[in-house]
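The values are calculated or read from the model by the stated rules, or taken from the named source; none is laboratory data. Remember, predicted model here, so these are calculated numbers, not experimental data. So basically every Cβ, Gly included, is an ideal-geometry build from the backbone, and we count neighbours across all protein chains shown.
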Amino acid sequence: MTVDRSALISMPTSDQLGGPGQTPFVRFPFFPTAPWYSTNPAVGYQVRYYSTGIIGTDPDYAVNQEATRTVQFDIPCRLIAINGASVLTANLSGANSLNNTNMNLQYLFRTEYTTGDRLQTQARLADEVVGTMQNPGEIGGHGYNIDQGASLICGITPLQAALRIDITFVCLEMRGPRNFSAPGRR
């Protein structure tokens, strides 16, 4: 039996992605984020907060210029939320004081996966894509899958001088029982 396969020139439409049968789509909650959990009893989970940031004294800190930071993930995980904050590190005349209402309006933010897949397709005001610990910036759906050994490249663009910007990735790590296999088992 031969199967003829060929590359598609155009991506399928939303309608073409529906399932077979009478009900091609079903409704399912998007928020709060609901990550997949393995049914394997030997797989455990641990919450871990990965983080990065920039401070006004860093050599690549420049107003309206993107600085990149890389966050390495050694264990496979699901990114559940992105939180951030900014504070002024110097008393500048004419600078606005920052609080929970305006701290994420002081910088642009974007993330890109190891493969080039962009979680945010363009850098945007952090207030649009980054939450706070009081109001988490949930990813939605089942979260964003990150493989073992992968990285997120973070673009942070300060919009004023003398800021400290911290970004925290709330992740659910998936842990196996060991890092070896017994003879004859996989």
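A few comments on the model shown:
- Test: residue in segment 97-104 that is without any contact (Cβ under 8 Å) to a residue 40 or more places away in the chain, part of a helix (DSSP H, G or I) and of a type outside the set (Ser, Thr, Tyr): yes
- Close pairs from segment 38-50: first modelled with pLDDT under 90, partner aliphatic (A, V, I, L, M), Cβ under 7 Å, at least 6 apart: 38/174; 43/174
- Top-ranked residue of segment 110-140 - restricted to ones that are outside any loop (DSSP other than H, G, I, E, B) and more than 11 Å from the chain's Cα centre (by Cα), ranked as nearest to residue 168 (Cα to Cα): 131
- Given (1) modelled with pLDDT under 85; (2) surrounded by 10 or more Cβ atoms within 10 Å (Cβ to Cβ); (3) β-branched (Val, Ile, Thr), index of the condition residue 9 fails: (2)
For (1) modelled with pLDDT of 90 or more; (2) touching a helix residue (DSSP H, G or I) at 6+ places or on another chain (Cβ under 6 Å); (3) of a type outside the set (A, V, I, L, M, F, W, C); (4) closer than 30 Å to residue 36 by Cβ, each residue gets a yes or a no:
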residue	(1), (2), (3), (4)
89	no, no, yes, no
97	no, no, yes, no
101	no, no, yes, no
119	yes, no, no, yes
135	yes, no, yes, yes
152	yes, no, no, yes
160	yes, no, yes, no
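- Of all residues in segment 143-157, those being surrounded by 15 or more Cβ atoms within 10 Å (Cβ to Cβ) and either of a type in the set (Lys, Arg) or part of a loop (DSSP other than H, G, I, E, B) (or both) number 2.
- Residue count for segment 36-70 satisfying the condition of being over 27 Å from residue 156 (Cα atoms) and assigned to a loop (DSSP other than H, G, I, E, B): 8.
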